[in-house]
Amino acid sequence: EPQQGSSSSSSSSSLDAQQLTGVLATLGIATSSGFASVYTEKVIKAKRNHNVTRKNYSLAYMQVQLAIVSLVIIGLYASIMDYDKISQGGLWQNFTPGASFSMFNSAIGGLIVAAVLKYADAVLKGYATAISVVMTGVSSMLLFGTQLNVIYFLGVLNVIVAVLLYNGKNLDKYVC
C-alpha cells in the first residue's frame with residue numbers, strides 16, 4: 001500500500017532542488033561577473049604595445065565576437081545533449097516568469113556594466129551592485145510584503161557608509 005504524503009514530499013524536494021539550482025546559478029553569475037569586470041577593467045586600462053600590427057578594434061566589437069563564438073559552442077552542445085527535449089518542449093521549457101526575468105535582468109545588467117566600465121572602475125560597479133541589492137530588498141518589502149530583519153538594515157547602513165566614504169570629498173572637514 002503506498003504511503004500517503006509521499007507525492008507531496010517528492011514535489012517538495014523537487015522544488016527545493018530547483019530553488020537550490022537557481023541560487024547556485026545566481027551565485028555563479030555574480031562571481032563570474034565580478035571576475036569579468038576586474039579583468040575587463042585591466043584590459044581597458046592597460047597600456048598597449050603600439051608595435052603590434054593589428055587593427056584597432058573596439059572592446060565592444062571584440063565582445064560581440066566572443067558572444068557569437070560562445071553562442072555557437074553552447075548551441076552545438078545543447079543540440080547534441082538535449083536535442084530530444086528541445087525538439088519536444090522547445091528551447092524555453094521549464095522557464096518560469098521569474099527565471100526569464102532573472103535572465104533578462106542579468107543581460108541588461110551586463111550591457112550597462114560594459115557601458116559604465118568604460119568611464120568608471122570595478123569598485124564603482126561593486127557599489128552600484130550593492131545599491132541595487134538594497135533597492136531590490138526594499139522593493140520586495142513594499143511590493144510583496146517581505147519581512148526584512150535588523151541584519152538587512154545593518155547591511156544597508158554599511159552600503160551607504162561605504163558609498164559616502166568612497167565618493168566623499170573633504171570628509172575630514174565635515175566629520176572631524
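The values are calculated or read from the model by the stated rules, or taken from the named source; none is laboratory data. Since the structure is predicted, the reported quantities are computational estimates derived from the model, not experimental observations. All Cβ positions, even for glycine, are placed from backbone atoms using ideal geometry, and neighbour counts span all protein chains on display. These accessible areas exclude ligands, DNA and RNA; they are computed on the full protein's heavy atoms, side chains included. Shrake-Rupley method; radii C 1.70, N 1.55, O 1.52, S 1.80 Å.
Restricting attention to the range 1-14, does a residue exist that is within 22 Å of the chain's Cα centre (by Cα) and at pLDDT below 85?
no
Quick test of your reading of the structure: M81 fulfils all but one of (1) within 30 Å of M62 (Cβ to Cβ); (2) at pLDDT below 85; (3) open to solvent by 90 Å² or more (accessible area, probe 1.4 Å); (4) not acidic (D, E). Name the failing condition by number.
Tallying (1) within 30 Å of M62 (Cβ to Cβ); (2) at pLDDT below 85; (3) open to solvent by 90 Å² or more (accessible area, probe 1.4 Å); (4) not acidic (D, E), M81 fails exactly one: (2).
Would you please name the residue that is least open to solvent (accessible area, probe 1.4 Å), looking only at residues in the range 31-42 that are among the small types (G, A, S) and touching a residue at least 12 places away in the same chain (Cβ under 8 Å)? Spell out the reasoning first.
Residues of the range 31-42 among the small types (G, A, S): 32-34, 36-37.
Adding the requirement that they be touching a residue at least 12 places away in the same chain (Cβ under 8 Å) leaves 33-34, 37.
Values: S33: 44, G34: 29, S37: 9 Å².
The qualifying residue least open to solvent (accessible area, probe 1.4 Å) is S37.
Identify, please: which residue in the range 144-176 is small (G, A, S) and closer than 22 Å to G126 by Cα and is, among those, surrounded by the fewest Cβ atoms within 10 Å (Cβ to Cβ)? Walk me through how you get there before you give the answer.
Start the filter on the range 144-176 by keeping residues that are small (G, A, S), which leaves 145, 155, 162, 168.
Narrowing the set further to residues that are closer than 22 Å to G126 by Cα leaves 155, 162, 168.
On the way: G155: 15, A162: 15, G168: 12.
Top of the filtered list is G168.
Conditions: (1) at pLDDT 80 or above; (2) surrounded by 11 or more Cβ atoms within 10 Å (Cβ to Cβ). I73 meets all but one. Number of the miss?
Going through (1) at pLDDT 80 or above; (2) surrounded by 11 or more Cβ atoms within 10 Å (Cβ to Cβ) one by one, I73 breaks only (2).
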